[in-house]
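See structure below.
The values are calculated or read from the model by the stated rules, or taken from the named source; none is laboratory data. Quantities reported herein were computed from a predicted structural model and do not represent experimental measurements. Reconstructed Cβ throughout: ideal geometry from the backbone, glycine too, with neighbour counts over all protein chains shown.
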Ligand SMILES: [Zn+2]
């Protein structure tokens, strides 16, 4: 039997960084599960074994996720790579 288990909304996990889908749990072998993108196996999947949402989340850090509190901050750095952050007025 080939099927996927969807992850309940109550469980917080990232969406696929390629297409934004919520991952599904798929049986990968005897007692082995992978978390994977339902759209494309090549997008992302965790290693077989335990259901590892942590691993999925690590792999699917969005490429350009703005830091919520720093969204309007501007970062500058000088020749010595000292960073300065400031809020544009
Ligand atoms: Zn995907």
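Here are the numbers for this structure:
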| read-out | value |
| --- | --- |
| Flag if residue 54 is within 15 Å of the chain's Cα centre (by Cα), at pLDDT below 90 and surrounded by fewer than 15 Cβ atoms within 10 Å (Cβ to Cβ) | no |
| Failed item, numbered, when residue 78 is tested on (1) over 28 Å from residue 19 (Cα atoms); (2) at pLDDT below 80 | (2) |
| Output for the stretch 3-27, where each listed residue is without any contact (Cβ under 8 Å) to a residue 12 or more places away in the chain and near the ligand (Cβ under 10 Å from one of its atoms) | 20 |
| Test set (1) modelled with pLDDT of 90 or more; (2) over 15 Å from residue 14 (Cβ atoms) - residue 38 fails condition number | (2) |
